[in-house]
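**Q** Take a look at this one; I'll ask things after.
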Amino acid sequence: MKPDDLPPTTGWTLARRAERMNPSVIREILKVTERPGIISFAGGLPSPRTFPVAAFAEACEKVLRTDGQGALQYAASEGYRPLREAVARQLPWAVDPEQVLITTGSQQGLDLVAKVLIDSGSRVLVETPTYLGALQAFAPMEPEVVGVASDAEGVDVADLAARRGGARFFYVLPNFQNPTGRTMSEARREALVQTARELALPIVEDNPYGDLWFDAPPPAPLTARHPEGSIYLGSFSKVLAPGLRLGYLVAPPHVLPKLLQAKQAADLHSPGFNQRMVAEVLQDGFLERHVPTIRALYHAQRDAMLAAMEREMRGLGVQWNVPAGGMFLWARLPAGMDALALLPRAVERGVAFVPGAPFYAGEPDARTLRLSFVTSTTEQVATGIATLAATIRDNLPGT
Ligand SMILES: Cc1ncc(COP(=O)(O)O)c(C=O)c1O
């Protein structure tokens, strides 16, 4: 008999918030797509071809040789000072390094924000659709999450004002959004900041993809326009490597101490070794040389997917956007189709994607789906999109 088969003798009572913790639909799907032979457009993983392994090997050796004891010791919760300074320097507005908190990925930033700003029943405003991982981070705090109408230019500011209520904050991804790949226009950013000021509505700006633009950089961040009213979340996951689990947040002086205390309780500090390695790698303008190579690769990958979509999906009634950066393309199936129902049929034929429904706080658009264009080869993109188109064709309503 295995221990799990024993009758329970202890009265474990789970907290109410535990009921709000659900497995990420995406992770469940990813398990299936790890099967050999599946072409997966489902994951949100950066291309491993972009990881600067040699630079890290060198930095690792140097950190251990010059500061091994410091790197392996407990450290301050705020983060390694030279890294906080490097973050402050690289952001496009005047940031005091004291306002920078190094986090264990920007996902931890979302968790800390949730703990510090959300009470049970608090209203939280999000775009439609929004990042699933944020919905997961907020859910245990028992908020009322309200989706704000959004279009190709980003959030509908009038709808935001209408839904303000007593919302604690508006969570927003202005650049190459996950899941839609869309970017908020300059006009919309200005209108949003003005409205946030008028309504005294705090903004939580999440920007892990902002550096991954293809033809031109996106407009300035919201936080650069309104630092006192915004918390900014950044990440090293998409420009260096996600396995480092390093991100950062920048918060106004009256909010930062609480975020810091929440972090102390969560994990004391993010790994000092990793922070030193990243600080080392960032020296001498490394990102200015490295990030353009990621942009070039992802740009070519996006073009390969757009060309395949054009070739295979035209005439099927499928719609899709043209993301100006990032990792994702957003598509919409013909009327009467449901992406969640289509997924097992696509996987059967060897291709996977993420249905859009889990990314909606409110009523989902069941026809939507997210396609990552960065982790497959261009040959796999061509084959995978052809397979997906054939699956759609064979499942069109009325066939
Ligand atoms: C919008 C968004 N925010 C935050 C994260 C978390 O990133 P990390 O914790 O690796 O910095 C992701 C990861 O995919 C993301 O897409």
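**Q** Of the cross-linked pairs 31/238; 238/263; 31/115; 31/263, which ones have a Cα-Cα span greater than 28 Å in the structure shown? Can you show the working numbers first?
**A** Values: 31/238 22 Å; 238/263 22 Å; 31/115 30 Å; 31/263 30 Å.
From the list (31/238; 238/263; 31/115; 31/263), the Cα-Cα distance tops 28 Å for 31/115; 31/263.
**Q** Which of 64, 240, 343 moves most in a GNM of the chain, Cα contacts under 10 Å?
**A** 64
**Q** Still on this structure, I have one more. With a cut-off of 8 Å between alpha carbons and a minimum separation of six or more residues, what is the relative contact order of region 1-153 in percent?
**A** 22 percent
**Q** Right, something else. Quick one, can you get me the convex hull of the C-alpha atoms of the chain expressed as volume per residue in Å³?
**A** Details: hull volume 71.6 nm³, N = 399.
Spelled out: Cα convex hull of the chain, divided by residues, is 179 Å³.
**Q** Which far-off residues, 5 or more places away or on another chain, put their amide H under 5 Å from the one on residue 128, with H placed in the peptide plane?
**A** Hits under the 5 Å cutoff: 148, 150.
**Q** Roughly what % antiparallel, to the nearest 5, for the DSSP beta bridges in the chain?
**A** Details: 20 of 37 bridges.
Antiparallel bridges make up about 55 percent of those DSSP assigns within the chain.
**Q** Of 263, 238, which has the most accessible area with a 1.4 Å probe, and how do the rest follow in descending order?
**A** Details: 263 0, 238 35 Å².
Ranking 263, 238 by accessible area, largest first, yields 238, 263.
**Q** Taking all protein chains as present, what is the carbon and sulfur share of the accessible area of the chain, in % to the nearest whole number, probe 1.4 Å? Before the final figure, lay out each step's value.
**A** Working: 9660 of 17730 Å².
Ligands and nucleic acids excluded, carbon and sulfur reach 54 percent.
**Q** Put 254, 299 in order of accessible area, largest first, 1.4 Å probe: what do you get?
**A** Numbers: 254 135, 299 40 Å².
Largest to smallest exposure gives the sequence 254, 299.
**Q** Follow-up. Which value, in Å², gives the accessible area per residue of the chain when a 1.4 Å probe is used on the protein heavy atoms? Intermediate values should be presented prior to the final figure.
**A** Values: 17730 Å² over 399 residues.
Computed with neighbouring chains in place, this is 44 Å² per residue.
**Q** On average over all directions, what projected area in square nanometres does region 57-171 have, based on the convex hull of its Cα atoms?
**A** On the way: hull surface 40.7 nm².
Computing the convex hull of the Cα atoms and averaging its projections yields 10.2 nm².
**Q** Run lengths n ≥ 4 of DSSP H only: what is the helix-derived mean residue ellipticity at 222 nm for the chain, with -39500 (n - 2.57) per run over all residues, to the nearest 500? Walk me through the intermediate numbers first.
**A** Numbers: 14 runs with 166 residues, N = 399.
When only DSSP H runs of four or more count, the value is -13000 deg cm²/dmol.
**Q** If you don't mind, another one. Express the Stokes-Einstein translational diffusion coefficient of region 247-399 in µm² s⁻¹, to the nearest whole number, given a Kirkwood radius over alpha-carbon pairs, 20 °C and a viscosity of 1.002 mPa s.
**A** Details: Rh = 18.6 Å.
Answer, rounded: 115 µm²/s.
The values are calculated or read from the model by the stated rules, or taken from the named source; none is laboratory data. Bear in mind the structure is a predicted one, so any value in this text is a computation, not a measurement. Surface accessibility is based on the protein's heavy atoms, side chains included, excluding ligands, DNA and RNA. Shrake-Rupley method; radii C 1.70, N 1.55, O 1.52, S 1.80 Å.
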